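Down below is the structure, laid out as structure tokens.
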Amino acid sequence: MSELPGIVVTGASGRMGQMLIRIIRESDRARLVGAIERSGHEWVGQDVGRAMGGADCGVIVTDEPLEAFAKAQAVIDFTAPEATLEFAKLAAQARAVHVIGTTGMSDEQIAKLEPAARHAPIVRAGNMSLGVNLLTQLTRQVAAALGEEFDIEVIEAHHRHKVDAPSGTALMLGEAAAEGRGVALEDVSDRGRDGITGARKPGDIGFVAVRGGDIVGEHDVLFAGEGERIILRHVATDRAIFARGALRAALWGQDKGPGQYDMIDVLGLRR
Ligand code: NAD
């Protein structure tokens, strides 16, 4: 047991943090060695301790990350941009793989990860799902192969509470399609039409957003040609896919050198 990589989860009381704790504890490929929350957070030492099975379970529950990081081989971090920058420094000090799921980092903040990446591997992705990252790569390849004769529509569906449209993942797919075609997305798309479909110019990459009920997240990439259509589809039914992808990234990073990586590297699809 003790040779399994030790993992620390930051933001342990958050939605993703709790999911990660469950998935790591169920895994036979990794050990949970620490759970980090903000100082003064009421969850620390209460629910975490309970979830870990009591005080002598060997898991450090703390608001002092370095103590826990020093005992870990990887840190999985779904928190907030400023916290993630701080964790990057500490993970580098501990020479632990830093898996970053935190979104909303500015270009300036992303640039600040570089010094940490000189000491240990960082794997960062706005969507940690293996399926979505594979879909992105397939979209790029299919768009490159088919060229401008096929129109492309990215059709996404989410629950009624989602405010942004199209989703970040839909935009990522649109970017991949544009890259495959060798064009810039802003030149071939007016981005969100909020589900209102209008006429398209040949070669356009269009977006359609559907909102309703409790849909977790669905993305279709439709390639529509004359007399034939191809549809690539990803359906998410559980947010656990992000946690499973992050754990896979943490394990993948164990024998990697310092540097910045993403899920395309983890999937072995980097060319
Ligand atoms: P959440 O608000 O439920 O959880 C975030 C947790 O981080 C909170 O418990 C908060 O107290 C904690 N936190 C904040 N600063 C901290 C600090 N300095 N030290 C320790 N803990 C700190 O949010 P969530 O839904 O779990 O999402 C977290 C992040 O992950 C967001 O940026 C979200 O967009 C992103 N996310 C990414 C993916 C992906 O696949 N990459 C998937 C889902 C969510």
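The values are calculated or read from the model by the stated rules, or taken from the named source; none is laboratory data. Bear in mind that the values here come from a model prediction, so they are computed numbers and not experimental data. Cβ coordinates were reconstructed from backbone atoms using ideal geometry, including for glycine residues, and neighbour counts include every protein chain displayed.
Screening the range 6-22 for residues that are more than 10 Å from the ligand (Cβ to nearest atom) and surrounded by 19 or more Cβ atoms within 10 Å (Cβ to Cβ) and picking the one that is farthest from Ala70 (Cα to Cα) gives Ile21. Checked against the criterion of being charged (D, E, K, R), at pLDDT 85 or above and either more than 16 Å from the ligand (Cβ to nearest atom) or not assigned by the TED database to the domain that holds Leu251 (or both), the range 31-40 contains one or more residues that satisfy it. The condition of being hydrophobic (A, V, I, L, M, F, W, C), in contact with a Pro (Cβ under 7 Å, 6 or more places away or on another chain) and crowded, with 22+ Cβ neighbours inside 10 Å holds for only one of Ala74, Ala117, Ala91, Ala96, that being Ala74. Of all residues in the range 103-127, those being touching a Lys or Arg at 6+ places or on another chain (Cβ under 8 Å) and touching a residue at least 60 places away in the same chain (Cβ under 8 Å) number 4.
One line per residue, one yes/no per condition, for (1) closer than 16 Å to Ile230 by Cα; (2) assigned to a loop (DSSP other than H, G, I, E, B):
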| position | (1), (2) |
| --- | --- |
| Ala143 | yes, no |
| Ile152 | yes, no |
| His161 | no, yes |
| Thr169 | no, no |
| Glu175 | no, no |
| Val210 | no, no |
